1. Given 79, 99, 114, which one is free of Cβ contacts under 8 Å to residues at least 24 places away in the same chain and assigned to a helix (DSSP H, G or I)?
2. Among the residues of segment 94-126 satisfying the criterion of being charged (D, E, K, R) and within 13 Å of the chain's Cα centre (by Cα), which is modelled with the lowest pLDDT?
3. Mind telling me which of the residues 27, 22, 45, 56 ends up being under 29 Å from residue 120 (Cβ atoms), in contact (Cβ under 8 Å) with a residue 40 or more places away in the chain, part of a loop (DSSP other than H, G, I, E, B) and touching a Leu at 6+ places or on another chain (Cβ under 8 Å)?
Amino acid sequence: MYVQAVWKLKIPPRVQKFLWLLSKNKLLIRNNLAKRRELDDLTCLFCSETITIHHLFFYCCVAKCMWSALADILGLSGNWDYECVASLWVPNKKFMLANIVNVAALWCLWKVRNKICFHGSQELLGDGNQCSTRWRKSWSW
């Protein structure tokens, strides 16, 4: 149900593909890479706990802090996990702003994780505002 809703969100196509991979648990993080080849380190780059997609985006201390702040800003409550975020994608028009912000948060977590993984960068979510501002052009209110 949520996988199909990804394609109706007003976000850049590469981010739609990212959400589709997230929905299918196919993003190339360490635990998924370990299915293809042997890896010695299966820990989260943020907190050193065992990595899964759900951990990276929802249960890691960095993700929990981010979701808590976003919940306060958006005035939303709930268990910030995949089901909670993805359930807002289905009635997209009703939650358009929340979807843009939530998807930008997921995308920024992914980009920061990749910067740390491939470049050793320690930036944390500094691109979130720029991300949603660039996407604003595709919003149709």
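1. 114
2. If we take residues in segment 94-126 being charged (D, E, K, R) and within 13 Å of the chain's Cα centre (by Cα), then 113 is modelled with the lowest pLDDT.
3. None of the others qualify; the one that does is 27.
The values are calculated or read from the model by the stated rules, or taken from the named source; none is laboratory data. Quick caveat, the model's predicted, so the values are computed rather than measured. We place every Cβ from the backbone using ideal geometry, glycine too, and count neighbours over all the protein chains shown.
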